[in-house]
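The values are calculated or read from the model by the stated rules, or taken from the named source; none is laboratory data. All figures in this text were calculated on a predicted structure; none of them were measured in a lab. So basically every Cβ, Gly included, is an ideal-geometry build from the backbone, and we count neighbours across all protein chains shown. Ligands, DNA and RNA are stripped out before the accessible areas are found, and what is left, the full protein with its side chains, is counted by its heavy atoms. Shrake-Rupley method; radii C 1.70, N 1.55, O 1.52, S 1.80 Å.
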Amino acid sequence: MAADRLGELLQALSRRPEHTWPDAVVHHGVRVALLVGLVLLMRVLFPVAPMPDFPLYERGDVPQEQIIAQERFTIPKSDADLARERGEAAAAVAPVFHYDPTALDSMLTSVRRFIAHADSAARTGATDIDRRDNLRDLLVAYGFPVSSTALDLLAVERNRTLLRQSLERLLRQELPEGVVSVSDFEESPSPQWRLVREGRESLLDRDSVQTQNDLYSLASRYLPTPAPEGLADFQRLVLIRFFEGSVRLDRERTETAREQARAAVPDIKGEVVAGERVIAAHEQIRDAELERLDAYRQHLQRIGALGEGMPRYKQEAGTFMLNLLVLSIFGFLLLFYRPDVYSDFRHVTLIAALVAVLFGAAAAVSRAATPAELVPIAFPVLVIAALWDGRMALNLALVLATLLSIQTPFLSMSSRMLILLGGSAAALSVRVVRRRAQGLVLGVAIAAAYAAAAIALGLMRSREAGDIFTGVMWGTANGMASALIAMGFLPLFEAYTRITTDQTLLELADLNRPLLKRLSLEATGTYAHSINVANLAEAAARAIDANALLVRVGAYYHDVGKIVMPQYFIENQARGRNPHEQIDPRKSAAIVRAHVEEGIKLAKQAKLPDSIVRFIPEHHGTQSIGFFYDQARQTNPEAELNAADFSYQGPRPQMKETAILMLADSVESAAKVLQEPSPDRIRSLVERIVEGKIEQRQLEETPLTMRELTLIKEQFASVLTGMYHHRLDYPAPRPGAAAPTATPPAEPAATRAPDSAG
């Protein structure tokens, strides 16, 4: 229900106004409201900034005059530089460690407890098997790997004593010197550490501190030589299991010290005093000069020296008016030169939505401090070019590029040129794409434009090769993404605007599509007729600059309704078999007329766009089915006949393309039965049929002019003359040779059932 109401509202807002009040006021008012809404959106996304009389330079420019500081100001560091320096300062802080005297007692206690448990397990049990089982359970409980070697070692009391004594000597000798865990050691790569021991802090070299790996390497020295096999390995396992470092990283104090180091980094790069030169004249501007100039401008803005004394509301009003004037250029272009687009509210709202999306994306790009190459101007421009034409899209690109270039983030010439060239390339590149699947070609064309612009600006601004390459990569990514997204959403935009693009028409023109394939198999004669009519109509459409592709596709589908009862149409009948001879003329007329309704039904089932469906009824208009009307009068002269029963229901052709198809359909059908189709007779036939349509008032509602009708007739005559040119006579056959098959004479027109020509 809501969708229906929305459709009715859009339809009402799309009607051309008949009266000034209230029709014209509402019609134009809603469009002005959309325009103002876009300008207000621009105000929200791009807050008003002063437009000072301050020089705008870019890297590579050569100023003609020097700039002297009138005020003392500081040059702030960039966010990237400040983050890098703070990171370096934090990394330079020596990490803080503290000595833990309890580590020795804790490890000694753990080792002694384990050996005591091993002694108890080895002495408990009636048999050796029981004692080994006890030792196995002990190893599992402590998390040691169980092996026969370990069980053999622990089963001997002397080995247990050697293990305890060696570990005690090792720990008493090495642990008080300071041993750090591997994790703390690797976490602190600074060459020097601060060690807090017994309340005193000292600085020591990182490499002078023993790690737990060093402790493992030294352990074997505290065993007797030779030691029992496997004892050194088990000693290492015990050390790993019970290790506690005596030197430990104090993470809290270390992070506090690093935070203090970060805070101590100054956030300014330098200072310029009053009277000092900001930039010099006749010298190329580099990054350092740009930093000084930008810092000076920001300082003057902060103290109100730029635009000082100007009320805020004046800046707001001036910015609003400027944005409104620039955007109004495209609005007036639609009003005066594209009234069909301006009057259709669906079209206007789609354009407004695309512009709003661009504004939002541009604002996101500016706030993320990313380059102007990422402003996706190609997206709306590609959609406009695909739905309407490249000329309209190019005008939109120029307007949008100008509008964005007067916003504070895009004031530089480089930003303006990149946006302008990217949008222009998008508008002009649609002509090279014939299928939606070729969207990648669009991306390549736009990416090439961005790349050329980035290289040109880079050379002009003396940028580094790396900066130029970065610009090329950003532009390439933008072009590819914009093209693929635009082509992906295009079917949705087509459905909303009810516009059929050339890409869709080309896909519908594929003769292997199911409906056309069915026509070729079930109504062969109609299929051949449709192909001939398509060739004839396309040539005429090109002659008057109508949409030739639309006419061709419309001709392919204009008679698909004959699939339902193909045998009732002359082009599909075998010679001498006409089913109309067995039924009442009224019924014959109803069958012929019904193919229009059946065609519309089949077209909608195949989801053909409305622009193609309208060819089915309009190419017949309101013409009469005269053959059956005359037959009905001859059969029963006294019967009252309703002329509507022997006429098509219309409507008459509403556009040039459907009118061309009406004429081509009749001309092609009549030319088939023309005796001796010489150029003069063909020309006379075409003239007679076109004049007949005019007399029947079938062309009254189409915008065709008399000059265009003349061009259409000339094109029809030319194409038909080529189709039915005179063939050379074959020489007489030699005696005994087979005679060539003669072309059978055409069936007299009076015995033929009417086809789509009516």
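Just the number, please: percent antiparallel of the DSSP beta bridges in the chain, rounded to the nearest 5.
75
Residues with amide H under 5 Å of residue 269's amide H, sequence separation 5 or more or different chain, H placed in the peptide plane at 1.01 Å from N; which?
75, 77
How large is the helix-only mean residue ellipticity at 222 nm for the chain, computed as the sum of -39500 (n - 2.57) over DSSP H runs with n ≥ 4, divided by its residue count, in deg cm²/dmol to the nearest 500?
Working: 31 runs with 457 residues, N = 758.
Calculated from helices alone, the mean residue ellipticity at 222 nm is -19500 deg cm²/dmol.
Counting only Cα atoms, I'd like the Rg/Rh figure for region 120-262, Kirkwood definition for Rh.
Rounded to two decimals, Rg over Rh is 1.12.
By a straight-distance test (C-alpha under 12 Å), which aspartates and glutamates pair with residue 587 as possible cross-link partners, with residues fewer than eight away in the same chain excluded?
645
Between helix 626-635 and the chain, what is the angle of the helix's C-alpha long axis to the longest principal axis, kept within 0 to 90° and rounded to the nearest 10?
40
So, with a 1.4 angstrom probe, what is the percent of accessible area on region 452-500 that is carbon and sulfur?
Within region 452-500, the accessible surface is 74 percent carbon and sulfur.
Within the chain, what's the longest stretch lacking trypsin sites (Lys or Arg not before Pro) that sit in DSSP loops with no more than 14 other Cβ atoms inside 10 Å?
On the way: sites that count: 15, 72, 286, 434, 435, 498, 575, 577, 607, 697, 727.
So the longest stretch without any such site is 73-285.
What shape does region 173-223 have by the C-alpha gyration tensor, where a ≥ b ≥ c are the square roots of the eigenvalues, rounded means a/c under 1.5, and otherwise prolate means a/b greater than b/c and oblate the rest?
oblate
For region 81-226, give the percent of accessible area contributed by carbon and sulfur heavy atoms, probe 1.4 Å, rounded to a whole number.
About 48 percent, which is the carbon plus sulfur part of the accessible surface.
For residue 672, give me every one of the aspartates and glutamates with a C-alpha distance below 14 angstrom, ignoring sequence neighbours fewer than eight places off in its own chain.
571, 747, 755
Would you mind calculating the gained length between residue 674 and residue 590 on full extension (0.36 nm times residue separation, minus the Cα-Cα distance), in nm to one decimal?
Stretched fully, the residue 674-residue 590 segment lengthens by 27.5 nm.
Tell me, what is the per residue accessible area of the chain in Å², probe radius 1.4 Å?
Values: 39240 Å² over 758 residues.
For the chain, the solvent-accessible area averages 52 Å² per residue.
Cα axis of helix 585-605 to longest principal axis of the chain: angle in degrees, 0 to 90, nearest 10?
Helix 585-605 sits at roughly 20 degrees to that axis.
Between (1) 1.09; (2) 1.26; (3) 0.97, which entry matches Rg/Rh (Cα atoms, Kirkwood Rh) as derived from the coordinates of this structure?
From the options (1) 1.09; (2) 1.26; (3) 0.97, the structure gives (2).
When the Karplus curve 6.51 cos²θ - 1.76 cosθ + 1.60 is applied with θ = phi - 60°, which whole-Hz ³J(HN,Hα) does each residue of region 382-387 get, with x for Gly and Pro?
Rounded to whole hertz, the list is 4, 5, 5, 5, 6, 7.
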